[in-house]
Amino acid sequence: MALFKIYHSTRTGIARFNTTVLRKVVGLGALYSTGYGDVGSSIYYALGITTIYAGGASFLAIGAAGLFFIATVLSYAELSSAIPEGGGSSLFAQRAFGDGWAFFTGWALLLDYILTLAISAFSVGPYLGYFFPIFKTNPQVNVTFTGLLILVLVLLNIVGLKESSWFSLMLAGFDVITQVSLMTMGAFFLLNFHTIWGQFTLGSAPTWHNFLYGISIAMVAYTGIEAISQMAGEAKNAEKLVPRAMFMTMGTTILLYSGISLVALSAMKPQILSTTWVNDPIAGIANAMPAVSHFMAPWVSILGATILTVAANAGLIGVSRLAFSMSNNLLISPIFHKTSARYKTPMVSIAIFGTLAALIVAFFPYLDVLADLYNYGAMLSFSMTHLALIRLRKKEPNLKRPFRVPLAIKISGWEIPLPTVFGFAGTFGVFLMVLLFHKYGRVFGTVWMAGGIAYYLWFRRKESLPVMERVKITEVANDMPEPKPHKHILVATSPTRPSPMLRDVLKVAKADNAKVTVISVLEIPLALPLNAPLEDEETVARHTLDLCQAIGMEEDVLVDTILARGRAIGPVLNMQIRRLGADTVVLNDTGSSLAAAVLAAIRRSANTVMIWTFQIYSGAGLTPTPRSRLSGETPIIRTMPAGGAGGSVQQDS
């Protein structure tokens with residue numbers, strides 16, 4: 001006859017204390033500057049690597065990629081306004097499909113942010129090449145500089161770098177003004193449509209293969225829109241301001257990218273743009289500008305380096321924030337949710353992902369390779385956003401949607417917006433091109449995703465969590481009293497062996513920065529004087545106390561020891577409690593009359609102390625009752641209140 005039944009072997013719900021709610025303080029200007037700072041920085045490197053493959057038709061490749069970008073922005077605008085929380089595409093996938101697809105999307109997005117950090121930091125050196133030419137002529141110097149820059153950003157973020165939204169907005173303003181100035185002056189001094197049209201022939205120069213390849217590379221210029229979505233949880237009136245900021249970013253980006261690409265192809269041949277100025281194309285435009293190049297070139301170099309540094313820092317902040325969110329939703333290990341005790345920053349996430357970015361640059365110091373890897377994760381997360389929108393239109397038809405993607409058709413009960421279908425076809429198509437044509441993206445992107453999926457399956461299995469279903473997280477009010485840290489813990493141990501609870505006590509003491517004293521009492525019978533020679537007993541007891549100190553060293557806690565004599569253990573303990581000012585006493589409750597007498601003596605004293613007692617059970621070994629799993633030296637912790645049964649912590653007086 002079965003004595004029990006397991007109804008479910010996984011956790012379907014988790015309770016936790018209410019998390020801190022982000023203040024709704026971010027306005028339209030901060031949202032726009034964040035989004036444009038992430039998207040707008042891409043033009044400082046995307047134009048050069050797109051020209052490597054699309055050649056003179058790079059402006060067409062950027063325009064085609066821009067159409068997919070428009071459709072993607074529409075999907076992000078609807079979902080971010082309907083679900084105004086931080087998390088972006090990973091949150092959308094979780095709401096639509098569950099935790100498994102949320103991890104898949106979030107893991108791809110983590111690769112995005114790591115590559116944002118790597119590409120942006122790698123591109124800073126070439127822009128500084130106007131002042132220090134070695135950054136352009138010696139790739140190893142630039143790789144070393146990139147590593148040092150990432151290290152500085154990691155340290156600054158661990159300490160707690162606070163970026164001013166006014167500074168970001170001002171920087172975005174300078175960038176827009178500079179690029180508009182380059183476009184305007186380029187239109188007057190350089191723009192030549194005859195030259196532009198004469199530099200390419202679709203189908204031969206570039207070939208269709210290279211042109212499609214160029215479109216997939218050009219998508220790197222538009223992948224920063226996720227940054228605005230991540231800030232939706234902090235935005236004032238997010239339902240209106242988030243879509244508005246996205247549309248402003250979209251309009252500015254497409255206008256500037258289109259104009260800058262036309263000016264660049266008028267200023268220099270595609271062969272020069274894709275070689276000499278491949279890493280710093282905007283600096284190449286400024287250098288080619290007649291009459292004003294002597295002051296525009298250094299200005300663009302400084303501004304480009306500054307904006308790319310800010311973009312690199314945004315990538316580091318984004319990856320640590322996303323890892324924090326995924327950990328908070330039980331998608332990855334809780335270690336990524338922990339913050340440093342001193343600086344209150346996610347130190348583990350910052351250090352791990354910053355190191356990964358530096359290693360990627362060290363092994364792949366080429367912008368086109370980095371762009372391959374970047375597009376792999378970006379296109380996956382974009383594609384999942386489009387699918388999540390279609391799924392939520394069916395799953396949650398009554399969800400309030402302040403903005404809706406237009407031009408929807410209904411098929412068998414599904415409401416499907418046509419721009420979303422177009423956006424999915426474009427972004428997933430680019431992802432397929434990465435798989436087909438981009439060998440580095442195909443190999444290392446797939447390794448990244450396969451490794452992440454294997455880790456996710458292991459983690460969820462280890463924590464007894466469902467793989468695909470969404471874990472319901474219930475937040476409860478934290479009305480518990482503030483725990484008081486221990487100051488001095490007195491551990492009573494037998495003269496013949498260390499207390500089985502000592503290691504557990506040391507872990508608590510280390511967490512609370514408390515002192516630990518281990519005491520062993522030799523009981524002297526009335527027939528003997530207190531100073532009677534007991535050499536053998538003292539030798540054994542001192543060896544036991546030495547073992548206790550050695551255990552303390554293993555646990556990184558210095559342990560004080562006391563070897564005392566007395567007629568009874570209880571009075572000796574009371575005296576040491578008063579002398580040391582101990583606030584906690586740990587005892588082995590053996591169930592004997594001696595143990596009961598010791599506890600009674602402490603209770604009768606005037607000491608205010610918390611008593612921890614424990615017992616060791618080995619089980620009777622009878623059937624059909626199963627043998628206890630707690631056997632041998634494994635203790636059961638029991639906290640005993642003064643004058644009552646165990647089960648709650650209470651102070652004795």
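The values are calculated or read from the model by the stated rules, or taken from the named source; none is laboratory data. Remember, it's a predicted structure, so these values are computed and weren't measured experimentally. FYI the Cβ positions are ideal-geometry reconstructions off the backbone, even for glycines, and counts take in every protein chain you see. For the accessible areas, the whole protein counts, side chains as well, though only heavy atoms, and no ligand, DNA or RNA atoms are used. Shrake-Rupley method; radii C 1.70, N 1.55, O 1.52, S 1.80 Å.
Points worth noting:
- Against the test of being more than 23 Å from L115 (Cα to Cα) and either buried (at least 24 other Cβ atoms within 10 Å of the Cβ) or touching a residue at least 40 places away in the same chain (Cβ under 8 Å) (or both), the options V310, V263 yield a single qualifying residue, V263.
- Residues that are open to solvent by less than 10 Å² (accessible area, probe 1.4 Å) and closer than 27 Å to F131 by Cβ, drawn from segment 314-328: G315, L316
- Identification of helices (runs of 4 or more DSSP H) wholly contained in segment 215-279 with 2 or more residues that are small (G, A, S) yields 226-230, 238-267.
- When K236 is tested against (1) among the charged types (D, E, K, R); (2) more than 27 Å from H438 (Cα to Cα); (3) touching a helix residue (DSSP H, G or I) at 6+ places or on another chain (Cβ under 8 Å), only condition (3) is not met.
- Residues that are assigned to a loop (DSSP other than H, G, I, E, B), over 15 Å from the mean Cα position of the chain (by Cα) and in contact (Cβ under 8 Å) with a residue 40 or more places away in the chain occur in segment 339-355; there is at least one.
- Filtered by the rule that a residue be of a type in the set (S, T, Y) and farther than 21 Å from F363 by Cβ, segment 122-138 gives Y127, Y130, T137.
- In summary, L241 fulfils each of the numbered conditions (1) within 20 Å of S33 (Cα to Cα); (2) open to solvent by less than 10 Å² (accessible area, probe 1.4 Å) with the single exception of condition (2).
- Pick from segment 272-286, criterion in contact (Cβ under 8 Å) with a residue 24 or more places away in the chain and open to solvent by 20 Å² or more (accessible area, probe 1.4 Å), ranking: nearest to the chain's Cα centre (by Cα): N279
- Lone unmet requirement of (1) at pLDDT 85 or above; (2) open to solvent by less than 20 Å² (accessible area, probe 1.4 Å) for Y45: (1)
- Test: residue in segment 102-123 that is over 30 Å from N287 (Cα atoms), of a type in the set (S, T, N, Q) and modelled with pLDDT of 85 or more: yes
- Any hit, segment 446-456, residues being outside any helix (DSSP H, G or I) and either over 30 Å from Q615 (Cβ atoms) or in contact (Cβ under 8 Å) with a residue 24 or more places away in the chain (or both): no
- Just one of the numbered conditions (1) open to solvent by less than 30 Å² (accessible area, probe 1.4 Å); (2) touching a Gly at 6+ places or on another chain (Cβ under 7 Å); (3) touching a residue at least 60 places away in the same chain (Cβ under 8 Å) is not true of M268: (3).
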